[in-house]
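The values are calculated or read from the model by the stated rules, or taken from the named source; none is laboratory data. The shown structure was predicted, so the numbers you read here are calculated from the model rather than taken from an experiment. Heads up, the Cβs are rebuilt from the backbone with ideal geometry, glycines too, and the neighbour counts pull from every protein chain shown.
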Amino acid sequence: MLKTQVYSETLPLMLYMHPVIDMTDDQFFEFCQINRDLRIERTAEGDLIIMAPAGGETSWRNSELVTALNIWAKEDGTGVVFDSSGGFILPNGATKSPDASWVKRERLAALTAEQKKKFLPLCPDFAIELRSPSDPLPVVKDKMQEYIANDLQLGWLIDPEEKRIYVYRPGKSVELLENPSEISGEPTLPGFVLDLELIWQVAF
C-alpha cells in the first residue's frame, strides 16, 4: 500500500505585545519559566510566538539530531551543543530556540555566570530546524534567514517528509539537497557528517 504524507500546516499562535507591553530580556525569561508547558519564542518587535509541542516522530528525530551532534562535539571539544529547549537572544532582539544548535566555547567563555543561567545573549554558530508536519515551510525558511542575518555561520532546515535539506550560509544562496544520504558540516563543524538514514526512517 502506498503511504502518502499529508501536511496539515498551522501557523503558530502570535500574541501581539508591542507597544502595549514591552518585556525586558529578564522579564521574558521569567515569563517562560512560569509557563513551562508552552513553547514560546519572541520576535524582534517583542511579540510572542506560541508553538505546539512536537509529535512523536518529530521528537524522536530531534533526539537523533542532538545525539549525533553531541557525540561529534564531545570528541571535537571546541563547542557546546544545545537542544530545542535552549533559548538564544539574537542581536536583533528576537529570542529563538533552534531544534539543535552548537556554539563555540570561546564565545560562551565571554558570558557571565548569570548570563549562562538564562537565555544566551548570542546567535549560535550552527543551528538545525527540523520541519514538523504542522510547520508551514515559508515560516521555517524565514526563521532560518533571521538566524543568518544575525551571524549564524551554518544552518540546516531539514524537511524529513520530503527528504530535503536547505543549507544556509552567510553571503551565499540557499542550497537545496534532494534526498541526500548524508550531509557534512564542513568547514564550520570540522569532521561532522550526519547520517540522514537516521532521520529519514523512523525507528519505532
Handout entry: Boolean, SER132 is surrounded by fewer than 20 Cβ atoms within 10 Å (Cβ to Cβ), among the hydroxyl-bearing types (Ser, Thr, Tyr) and assigned to a loop (DSSP other than H, G, I, E, B)
Key = no
Completion exercise
Quick count over region 155-204, residues being of a type outside the set (Asp, Glu) and either touching a Leu at 6+ places or on another chain (Cβ under 7 Å) or surrounded by 17 or more Cβ atoms within 10 Å (Cβ to Cβ) (or both), is 21
Practice task
Might you check whether a residue that is touching a residue at least 40 places away in the same chain (Cβ under 8 Å), among the aliphatic types (A, V, I, L, M) and within 22 Å of ASP195 (Cβ to Cβ) occurs anywhere in region 77-89?
Solution key: no
Practice task
Consider LEU122 carefully, then state whether it is of a type outside the set (Asp, Glu), farther than 26 Å from MET23 by Cα and touching a strand residue (DSSP E or B) at 6+ places or on another chain (Cβ under 9 Å).
Solution key: no
Practice task
Starting from residues that are β-branched (Val, Ile, Thr) and closer than 27 Å to PHE192 by Cβ, keep the ones in region 39-66 and report whichever is modelled with the highest pLDDT.
Solution key: VAL66
Problem - Hits in region 14-38 (condition: surrounded by 11 or more Cβ atoms within 10 Å (Cβ to Cβ) and at pLDDT below 90) - result: HIS18, LEU38
Practice task
Only residues that are surrounded by fewer than 18 Cβ atoms within 10 Å (Cβ to Cβ) and over 16 Å from the mean Cα position of the chain (by Cα): list them for region 56-90, please.
Solution key: GLY56, GLU57, ILE71, LYS74, GLU75, ASP76, GLY77, THR78
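So which residues in region 116-129 are among the hydrophobic types (A, V, I, L, M, F, W, C) and either part of a strand (DSSP E or B) or surrounded by fewer than 19 Cβ atoms within 10 Å (Cβ to Cβ) (or both)?
Scanning region 116-129 gives LEU120, PHE126, ALA127, ILE128.
Could you tell me whether VAL139 is aliphatic (A, V, I, L, M), without any contact (Cβ under 8 Å) to a residue 12 or more places away in the chain and either farther than 24 Å from THR24 by Cα or crowded, with 16+ Cβ neighbours inside 10 Å (or both)?
When the stated conditions are applied, VAL139 does not pass them.
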